[in-house]
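Here's the structure we're looking at; comments come further down.
The values are calculated or read from the model by the stated rules, or taken from the named source; none is laboratory data. Given the structure is predicted, the values throughout are model-derived calculations rather than measurements. Here the Cβ is made from the backbone with ideal geometry for all residues, glycine too, and neighbour counts use every protein chain on show. Note: areas computed on protein heavy atoms with side chains; ligands, DNA, RNA excluded. Shrake-Rupley method; radii C 1.70, N 1.55, O 1.52, S 1.80 Å.
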Amino acid sequence: MVDRSIIVLTARDQEQQKVIALDAGADDYVTKPFALGELLARMRTAIRHAQHVAPESSTVRVGDLRFDLTARLVFRREELVHFTPLEYKLLVTMLKHGGKVLTHRFLLREVWGPQDSQETHYLRVFVASLRRKLEDDPARPRYILTEPGVGYRFAVE
């Protein structure tokens with residue numbers, strides 16, 4: 001299996017165009033004009049993320065978090081953290097796509113199904129709950145980052 005990342009370079013700066021690109025499978029986007037240094041940094045990040053979380057891995061470490069995907073357990077500083085089934089499904093979905101921008105629509109379809117793909121308030125409630133359980137300061141998250149108007153990104157560094 002070859003890991004790949006897709007970075008969209010575009011002159012279109014409208015939110016809807018970004019959402020369409022991300023929903024179509026892009027992992028990140030850069031809007032013109034951009035500095036070459038920014039593009040290279042985003043490429044290095046994409047490469048790190050593609051190498052960091054292997055789908056075959058049963059145990060994944062991110063900062064002070066440890067995910068045992070086989071046993072369906074999550075530890076924060078080696079202390080077991082309890083999640084509801086939907087919280088766990090959302091968290092693992094974000095983890096498996098670590099570092100990539102996941103749109104609201106994508107997350108809703110993956111976790112709740114196509115019938116709820118417009119219910120973004122579900123995400124706000126569940127992301128807030130995940131942050132309370134995982135973050136030192138939920139108001140300044142380290143792991144679950146908001147991409148305003150687009151969705152969320154799980155930071156895997």
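Rolling a 1.4 Å sphere over the protein heavy atoms, what is the accessible area per residue of region 66-157, to the nearest Å²?
Per residue, region 66-157 has an accessible area of 52 Å².
Where the accessible area of region 91-147 is counted over protein heavy atoms with a 1.4 Å probe, how much of it, in %, is carbon and sulfur?
Summing carbon and sulfur atoms, their accessible area is 47 percent of the total for region 91-147.
Using the Karplus curve 6.51 cos²θ - 1.76 cosθ + 1.60 with θ = phi - 60°, what ³J(HN,Hα) values do you get for each residue of region 89-99, in whole Hz, with x for Gly and Pro?
Rounded to whole hertz, the list is 4, 5, 4, 5, 4, 5, 4, 5, 10, x, x.
From the phi of every residue in region 29-37, what ³J(HN,Hα) in whole Hz does the Karplus formula 6.51 cos²θ - 1.76 cosθ + 1.60 yield, where θ is phi - 60° and glycine or proline is x?
Going residue by residue, I get 8, 10, 9, 5, x, 9, 7, 4, x Hz, with x marking Gly and Pro.
Using a 1.4 Å probe on the protein heavy atoms only, what accessible surface does Thr45 show? Give it in Å² to the nearest 10.
40 Å²
Ranked from highest to lowest mean number of other Cβ atoms within 10 Å per residue, what is the order of the peptides 100-111, 119-130?
Answer by packing, highest mean first, reads 100-111, 119-130.
Could you size up the charge dipole of region 80-124 around its Cα centre, putting +1 on the beta carbon of Lys and Arg and -1 on that of Asp and Glu, and report it in debye to the nearest 20?
In debye, rounded to 20, region 80-124 gives about 160.
Calculate the FRET efficiency for Lys32 and Thr146 from the Cβ-Cβ distance with a Förster distance of 25 Å, rounded to the nearest 0.05.
Rounded to the nearest 0.05, the efficiency is 0.60.
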